[in-house]
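Reading through the structure tokens given below for one structure.
The values are calculated or read from the model by the stated rules, or taken from the named source; none is laboratory data. These numbers come from a predicted model, not from an experiment. Positions of Cβ are backbone-derived with ideal geometry, glycine not excepted, and every protein chain shown enters the neighbour counts.
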Amino acid sequence: MDFSTFFAAFQHEDSIVLLVFMLLSFLIGFVLAWIMWGGRARRAEQEVARLRNELEQLQGKVADLTEQLELKDADLARAMREADEARTQLEALGLEKGELEAENLILRQKLEKQQATIRSLEQTLEDLNDQIVGLKTKNRQLTEQIEREEVASNLLAEMQSSHQALINRLAELETRFRELDEKNRELSERLVQMLGSAQPLGAGVEPTPIAEPVVADMPPEVAQARQHVIEAVREKLPKVEEGQQDDLTLIRGIGPFIERKLNELGIFTYEQVAALDDELIEQLTVAIEFFPGRIKRDDWVGQARRLATIKKENPGALSAEALFPDNPEDLTIIEGIGPKIAELLKENGIRTWEDLAAAPVERLRHILEEAGGIFKQHDPATWPMQAQLAVKRDWSKLKEYQDYLVGGKEPTA
């Protein structure tokens, strides 16, 4: 068909209407096709977007799964290593189990021996329990005995004081004996001279020999202790210059007799007494045949130290006052009162020197009798008088009075 003539044939109105109609139909079809195509395209784009979104999600999941897979691989590798280690440990535990079983067998044998030993020890324990019961009974008896001895210590202190007074008296008697002996020697010599000059008148008359005083042999332990003290005085104690000598009787517990004994051993000064140690005190106690523990009880070292200080700083102040502690509650400075009696008096309201000075003797006796035992054997008759001197701080009279007393009691004729 020739299109150049095709449109020439359309000259009639019907032909034009047909042509217009066809054109409109084409346009309508084109529009409908465009609309349909656009809807499909939008749906396709939405589907593509959805699929792309799903693809991204799947890629994310794949990445997560890949990462998890890598982690699982790592876990698997670690688990395999742990399994190998566990296998190795299991083998080691198997060996250790064998060793433990062998050791268990040995221990079981030892346990059987130990059980046998325990049974033997249980039997021994029963025997020991029986012995313990007996020892407890003995311990109770010893405790009671110790309590009795502690109570008796006060009586011993009183006896020591009495012994000191007797020693002082013995010293005076010895002095008088030496004087009488000297006079006796002089009279004997005179008598010999007189008899010699009167020989022609009385031939055959011979002077009667004068017997020397008999001195008891010194015990070996005393002699040994004296030698030890003399050597210690030379080597350990302060040196004494010729003619240097202190009045050791200012020390409570030292009388003239004990002072002479100390001088015989080379002890003359307060400084020497203050330098005594525990070992030398024990030896000195034996050497002068003194009561054990009395030197420490009377505190010779402390008293001598105070007297040495006073002698150095103010020699004119040396007196009995330096020997007594300035503590109104120290009742033990009273002759006849020891720590136990002091405690008993304080329990009954007598706490100071003033309380004791004001206490009637009958009340003191009542307190001692109520305490019973060894306490009621003490005589408190001189305690208030001593306490009055202590309250007045009249130490020289107090020391003089105490030196006169025998165990806290006035001596009987």
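With respect to (1) touching a helix residue (DSSP H, G or I) at 6+ places or on another chain (Cβ under 6 Å); (2) at pLDDT 90 or above; (3) assigned to a helix (DSSP H, G or I), the lone exception for residue 350 is condition (3). Looking only at segment 14-37, residues that are of a type outside the set (A, V, I, L, M, F, W, C) and either modelled with pLDDT under 85 or within 60 Å of the chain's Cα centre (by Cα) (or both) come to 2 in all. Within segment 350-384, the residues that satisfy the criterion of being buried (at least 16 other Cβ atoms within 10 Å of the Cβ) and among the aliphatic types (A, V, I, L, M) are 350, 356, 357, 359, 364, 367, 368, 371, 374. Hey, does segment 260-269 have a residue that's under 30 Å from residue 397 (Cβ atoms), hydrophobic (A, V, I, L, M, F, W, C) and not in a loop (DSSP other than H, G, I, E, B)? The answer is yes; a qualifying residue exists.
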